[in-house]
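Below: the structure, in structure tokens.
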Amino acid sequence: MLSKADEYFVHQTPDPIARSGVDRNFYDRYFLNGYTPDGRVFFGGALGAYPQLGIMDGAFAIRIEDRQYNLHVSRHLANDRTDTVVGPLAIAVIEPLQSLRLTVADNAHGISADLRFDGRHFPVEEERHTRWLGSRLFMDTTRLTQLGRWTGWVRAGGREVRVGPGEPDGEALGTRDRSWGIRGVGLRDPQAAAPPVPAQFHWYWVPAHFEDRVLHFYINEDEQGDAWNVGLVGVKDGGEPERLREARIEPVLEPGTRWPSGGVITGRDKAGGLYRVELQSHRRFYLCGLGYTHADWGHGFNKGPLATGYDEIAVDELGRIHGGSSQETYRFRACWVDGGERVERWLILRREPSAGLVVAERDLEFTVYSALQGSGVPVPAAHFLELDGQWLDRPFFIMDLLPGTAAHPYLPGDQFAGRGEAVAREFWRILGRLARLDHRALGLAGLRNGQAAGRLWERELDHWEAILDENERVIDPILRGAIRWLRRNPPPEPARPAVVHGDYRQGNFLSTPEQGITAILDWEMCHIGDPLEDVAWAINEFWPITRLLPLDQGIAEWEAASGMALDRDALEWWRLFAAVKGSAIWITAEASLMSGRSREPVLVLVAFRSGPIHRNEVLRRMAERGAMG
């Protein structure tokens, strides 16, 4: 199986070049990046060959200010690694180990380029990256790294960038590397080693330009933070690479994430002189634009004989929405290209907290939002669910940001500019429609109690007593006495099991003057149960909807929408249950604070202010039932 490469003195084994290496994860790859020192422009290119997969692919991406344009290319390798052209993308060697040319020919996606890279120094050969996971080779690669300068132009998104001496966008610095060896490429192995070992990979790769020299720091760490490959190399202009000693990095991370906001790199030269580099993050460049972790254009994926793809990334105006105490909530504007059309949308990201008021299944909210689309219960459309914590440290999902504002649950009076009664009536009608839904038909039989045949009240009481058992530092006799009373005096079974929101109240819905209620939010406690649980929660004296509409009128709206008659005696049982449940939630907040798992200010408020309110309610309701002795 001969190829053009066999003409050159490059053989290392008796095999033809096309057959060198036997591991299906063998790869050979260019990676390049460049940027203007002010951070306004950042671009990157990549081209890789995967001989055992028969694929060559690549990408070119450029971020101009806050929008990133990404071109992806792929073709069958045809056993010839000397042909470094894939569709419109090409990389050519002008002078080995010194100068490269990257071009992107005109194409339907409006992104093109002609760029030249010239190195400032002879390339640095990093320490070999070899890593085993149990008995399986995870990585075995060689990498050369070279810092240098770029000249040329890029066109993308109807804009043009020109870099180099005397050009409008000024100097462009950057880095290129060449690496080859073994690492995971193509589709994942369908069978992991037994027992499975997490493929943990934490890497800082920091090439840095200075006026008279360059520095290059790299470190690989395992899941315990122990380094298994680390180096710091300095090269003065016109000099030879010098490996520095005692290399280390002290990163500063954005709170609650693994995004670095800055840090310090230190090392010493042979004479003992200290090097200290202070780091500060600029705008982000998303490596999925170059295929890394891309769902459709991952490295080595078979896209057919020749394929080209394109997408854009723009995430801006990202900000946290404070006030919630069960999930972290962020709003942002996202832009992308779908089917050739540019899409721009405001979205919400909900991320699992480190600790909080409620412990829920990671995919519960996403599942419920998806199931309730078109049901008559207004909820945002949920788009993406990610349970793997490697991306944002903890699981998250993304949904639409809908119009409207939420009323503060603890403030008295009408917060709806005179529309309070109309909002309350709609509130009750929506809750009635929810009670009418068949959870099995919605595909929600997997929720808590979804397969239960009866005694839903007992299952919920067991659930919240278990939460008390886990989080109480001191047994509360008030709550335990109430639980015993509730067990001795159970309510009747509901006419039918219902989808129970679990936290249906003021503060958990959005409304506008024009549209009324636009969304019911915060479904972390959703389960299957007695619909009166939600009714009792909605009228709890901590956040009563009865501020806006008398209870009798609200119940009438609920009965008409649900098709059920409401049992007032049973409702009183659920009102006592609600006070016990609320107390358990506040005790969970206190436990999160006292254990150090959370430092959210809102938990301080609910733990030490809200708890006594519900305990007092428990005492009063028990006294009303003659249960105080």
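Matching residues to (1) open to solvent by 10 Å² or more (accessible area, probe 1.4 Å); (2) touching a Cys at 6+ places or on another chain (Cβ under 6 Å); (3) not in a strand (DSSP E or B):
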| residue | (1), (2), (3) |
| --- | --- |
| Pro37 | yes, no, yes |
| Phe42 | yes, no, no |
| Gly48 | no, no, no |
| Ala59 | no, no, no |
| Gln68 | no, no, no |
| Asn79 | yes, no, yes |
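The C-beta contact set for segment 149-165 (first residue free of Cβ contacts under 8 Å to residues at least 40 places away in the same chain and farther than 8 Å from Ala113 by Cβ, second residue aliphatic (A, V, I, L, M) and part of a strand (DSSP E or B), distance under 8 angstrom, 6+ apart or interchain) comprises Arg149/Ala172; Arg149/Leu173; Thr151/Leu115; Thr151/Val163; Thr151/Ala172; Glu160/Val154; Gly164/Ala172.
Any chance segment 162-180 includes a residue that's aliphatic (A, V, I, L, M) and farther than 24 Å from Ile94 by Cα? There is no residue in segment 162-180 that is aliphatic (A, V, I, L, M) and farther than 24 Å from Ile94 by Cα.
Scanning segment 216-226 turns up one or more residues that are among the hydrophobic types (A, V, I, L, M, F, W, C), closer than 23 Å to Ser281 by Cβ and open to solvent by less than 50 Å² (accessible area, probe 1.4 Å). Look at Val233 and say whether it is crowded, with 19+ Cβ neighbours inside 10 Å, of a type in the set (A, V, I, L, M) and either out of contact with any Ser or Thr (no Cβ under 8 Å at 6 or more places or on another chain) or within 30 Å of Gln98 (Cβ to Cβ) (or both). Judged against the criteria, Val233 is a match. Scanning segment 417-462 for residues that are without any contact (Cβ under 8 Å) to a residue 60 or more places away in the chain, open to solvent by 50 Å² or more (accessible area, probe 1.4 Å) and over 24 Å from Ile520 (Cα atoms) gives Gln451, Ala453, Arg455, Glu458, Asp462.
Considering only segment 8-21, how many residues are over 20 Å from Arg143 (Cα atoms), open to solvent by 60 Å² or more (accessible area, probe 1.4 Å) and in a loop (DSSP other than H, G, I, E, B)? Walk me through how you get there before you give the answer.
Of segment 8-21, the ones over 20 Å from Arg143 (Cα atoms) are 8-9, 13-16, 18-19.
So of that shortlist, the ones also open to solvent by 60 Å² or more (accessible area, probe 1.4 Å) come out as 8-9, 13-15, 19.
From the residues that got through so far, the ones that are in a loop (DSSP other than H, G, I, E, B) too are 8-9, 13-15.
Selection size over segment 8-21: 5.
A count restricted to segment 107-156 and to residues that are assigned to a loop (DSSP other than H, G, I, E, B), within 34 Å of the chain's Cα centre (by Cα) and farther than 30 Å from Ala194 by Cα stands at 6.
The residue that is most open to solvent (accessible area, probe 1.4 Å), counting only those in segment 270-300 that are within 21 Å of Val104 (Cα to Cα), in contact (Cβ under 8 Å) with a residue 24 or more places away in the chain and among the aromatic types (Phe, Trp, Tyr), is Tyr286.
All told, Pro255 falls short of being without any contact (Cβ under 8 Å) to a residue 60 or more places away in the chain and either within 27 Å of Trp336 (Cβ to Cβ) or in contact with a Cys (Cβ under 9 Å, 6 or more places away or on another chain) (or both).
The values are calculated or read from the model by the stated rules, or taken from the named source; none is laboratory data. Bear in mind that the values here come from a model prediction, so they are computed numbers and not experimental data. With ideal geometry, Cβ positions are generated from the backbone for all residues, glycine too; neighbour counts draw on all protein chains shown. Protein only, heavy atoms only, side chains kept; ligands, DNA and RNA dropped before computing areas. Shrake-Rupley method; radii C 1.70, N 1.55, O 1.52, S 1.80 Å.
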